[in-house]
Amino acid sequence: MELPVIAPPPDEAEDGARLAAVLDEALHGIDRRVFTDMSALPDLRGRRLLFALALGRHGINAAYTRLLLTLRQNPTLLDGCTAALVVDGAGELYTKSTAAELALAANLAGCALIGRPLVEGTGSLTNFRVQAKLLDTDLLGAYRANVRELAERLLAPPTPKKEKPELLALHASSYHTSNTMQLWAQVKRRLGDGCAVTEIGLRNGAVSDCAGCPYTACLHFGEKDRCFYGGLMQDEVWPAVRRCDAVVLLCPNYNDALSANLTAFINRLTGLFRQTRFYDKAVFALVVSGYSGGDTVARQVISAMNMNKSFFLPPRFALIETANDPGEALRLPGMEQKLDAFAQRIRDTVLQ
């Protein structure tokens, strides 16, 4: 299988030298073709893709901007694709934020992302210190090993689907006043009997945030299916996450961020994540902003759930809308068709 590598050329040749060398060694034996013209990408629909982006010292790559424009101008350009990303920086900043921006643009153009789709190399490569110790190698060797492992997961066969998949919907809102919840009610109705749906509300202090136990303590409790802080997360949410085939996050935009309750959920997932990965589970999001900023929240979900916690990101994973007054979202132009399409994407992802 040939692996297309989409590699916007860096502004300065030296900015891309390390990434090129890492790819040459890490992808040895993998048939690949590199594309560098970001305004004239060929028909790649249905392919496995690797985005390889080298950033300069200030986190800038002009050709990457052209790639963003191409993706946003062509919302079906990557239909049926599944991708992973390697982002190399000359400095310590911007690798992860740029990756999340690129991931959202590709996803809205029809591209899925594998769980934990990102390998980033900061300028110093100090982000590989732990991996280097575990692999008994230096920082650059750990970088190469992570890129190789990423490519192998990208090219691996997909996980088989279940006959009766389970969805877990998490929220911290009221059905009576929340546009987000009203849209979800319509999505759930459209899902019909093909999926078993579990809803868990995280309101009114039901979930305490993670207080940052030492790694060994978190691992110890996680191995026993427990969390030091117990409560709803341990008793209901963790078992539901284990059972489910997809998580649907219902995300009203609070101050251009995920709500505190959903953030606490993600933080408290760490104990479960210590002992398992979620590669075979998908994440969806329903994002409603009162004024603007839905893309900011969607990128946060990508960073936290897909890049960090390893959930699979289906194509067009988020329904992103703007509505303020109660009930306004349901009256938005074309909303019935959008709800139909979103429910169908969920079915296509989890159903056989």
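Here, each number is a calculation from the coordinates, and none is a lab measurement. Just so we're clear, the structure is a prediction, and the values are computed from it rather than from any experiment. When we count neighbours, we look across all protein chains shown, and the Cβ atoms used for this are built from the backbone with ideal geometry, even at glycine.
The table that follows gives values for the structure above.
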quantity	calculated
Three principal axis lengths of segment 3-155 [C-alpha, angstrom, descending]	43, 32, 23
Arg242-Arg274 pseudo-label distance in nm [points 7 Å out on the Cα-to-Cβ vector]	1.6
Qualifying aspartates and glutamates (Cα of each under 17 Å from Cα of Lys162; at least 8 residues distant if same chain)	Asp193, Asp245, Asp280, Asp348
Folded to 0 to 90 degrees: helix 179-191 orientation relative to the chain principal axis, Cα	90
Rg over Rh [alpha-carbon atoms, Kirkwood Rh] for the chain	0.96
Helix 335-350 vs. the chain, principal-axis angle (Cα, 0 to 90°, nearest 10)	70
